[in-house]
């Protein structure tokens, strides 16, 4: 038996440190060469540490949104790079914690679901995009070293994102080559064995085409999870990008991304009715540290070709190949309290259950943007096509725990001191294979029509063709299932914007989305079966009435919206395993936001969401009718604010509130509400060196962040996963 220890990883860390050192030396060589060649212009384009900082983003980075955010009839929250940097937010989950109305589910049993995100009460797992291209792979997005900003587009949105997007979608914007030369070397030390090194360097390529440049991001990181000392994380990544300007009107950007993770998965602690079992400590670890693992390797290559025919006609073609290899072995924290003495347990649910997944995706998107006038009406029109193929290959295996010679002790284990290491026999045995393929073709058109100075009309249509195949095999590669699904669906969206003043907008918007069974063939890994392959898509519809206002010379935006989202014909599973489209769910509520500068020194990023959710109809479980949806808090609030003091000091404070909410849609068991407070102190030592201290979860609040929507029983409890305990991080950034 191999026992994984931290010392075994030391050679890899040394290699990473050497790689970052070499990159730093290379960037320094660029700078020295420039000085020797009398490139005095570098002084004029050096990054200015006193440059104005603001959280307010003017426009989405997506080519499909032609209007500024002020004029877009939809709730769009953009978490900017400044907030990500000031918070030292390292994962997508941490970034999205800045957006109210978002909650997180936990991985179910052996599913190893990776990021599991809800927006406005509905799953958004397969509704993640990177730079406008669908990225639905089942994985954990653990680092932000190559992320510029994150856009959250709320409401049913299949017009823009394709299938899914009941509650909204997420667009992750990558760092891109810039015009100016800079190098930023970052390092961090903190509690819980936190160590981090990053490099972000950008160099214009003089004499190579027009405005060509090269950017490189590097990262090496390790830490234990605060409050969960047994759980460790380690990763490294590299992301080069090259922009080649063929002329003033034509440019090609080539980007690559690689990240390797070596983590210990965490399935939390056993719970009943949303509360941990009495006497159990939040730090208790119920897995098997020498068997459980999460090894992730992500690779992506992207080409972005842009050509401006003239000021009114622009073409963009995006192509990406991505591959994610994710090998996980997980042991659920569910326990069986029956048949053993008080204070003892036997494991329940999957133990040392493995899923070795490879997800490959080819995707191409072409956008043509045209500006023109007809009959006195101004048009900003985007039309495009998108094609993609996603292949999902899964091998499942186990280690035989709980059976035969690998059985559990007759009187179980100590509930309050779980062993953490498996000492019995463990024989890896393959249990089956799944091969899924999902093909998607789509055509779309969007038009923003300026009716007159006071009114704009936004229209959008998208037609999707889905073709999915799911094959299952036994451990000996004998085919046990052969399923397929085809879906065609039209999505639409309309919005009317009224401009009473230059700084204010009032809008009314309507949109639809759909959830085909085919999407499960790749995004969730569940695949198709006899009960779902012929099932029609679920349908979703939204109405939103909102307003957006800019104040203080445009430096501060306040926005608010009333919305209603309805899912009709929701899938429900019958006792025989088949499915029917017989459910109906509704979420309505209020969104409020404030983003930007209150004064020259005071920045604020705040939002509040009220969600009134309900199961309207359920043929399978009528007890759900009238109940709020699971893990959908009525109230959530997020605040991040910084104030710049004289002499280079900056103070930051953040707060997050989530109200009491149902564990699941079918019971009245509640998860406790919580407040989490964070603080930051920054100090600019000189033009080159910045120091920053972050203290997260100031008051060491125990709070449930990731939820399994099950209350559990004594024979098989559920489990809850806590948010990070109090931690402190001291980071430094050296810029030159």
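Just so you know, all these numbers are worked out from the coordinates, no wet-lab data involved. This structure is a prediction, so every number in the text was calculated from the model and none was measured. Using ideal geometry, Cβ is built from the backbone for each residue, glycine included, and neighbour counts are taken over all protein chains shown.
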task = Kindly provide log₁₀ I(q)/I(0) values, in the same order as q = 0.10, 0.15 Å⁻¹, from the Debye equation applied to equal alpha-carbon scatterers of segment 647-736.
result = -0.43, -0.70
key: Kirkwood Rh and Cα Rg combined as Rg over Rh, evaluated for segment 570-728   = 1.13
query = What does segment 115-238 give for Rg and for Dmax, in Å, if only its C-alpha atoms count?
reply = 18.0, 53
ask   = Just one of [x] 47, 34, 24; [y] 40, 33, 27; [z] 38, 36, 24 is semi-axes √(5λ) of the Cα gyration tensor in Å calculated from these coordinates, so which is it?
value = [y]
ask   = Among 125-134, 298-307, what's the highest-first ranking by average C-beta atoms within 10 angstrom per residue?
value = 125-134, 298-307
note = All alpha-carbon distances of segment 299-409, grouped into 5 Å bins from 0, give the whole-percent distribution 2, 9, 12, 11, 9, 8, 7, 7, 7, 6, 6, 5, 4, 3, 2, 1, 0
ask   = Taking neighbour counts of Cβ atoms within 10 Å as a proxy for exposure, in what order, fewest first, do 356, 311 appear?
value = 311, 356
ask   = What ranking of 334, 258 emerges when the number of other C-beta atoms within 10 Å of each C-beta is taken as an exposure proxy, fewest first?
value = 258, 334
remark   = If 214, 122 are placed from fewest to most neighbouring beta carbons inside 10 Å, the sequence is 214, 122
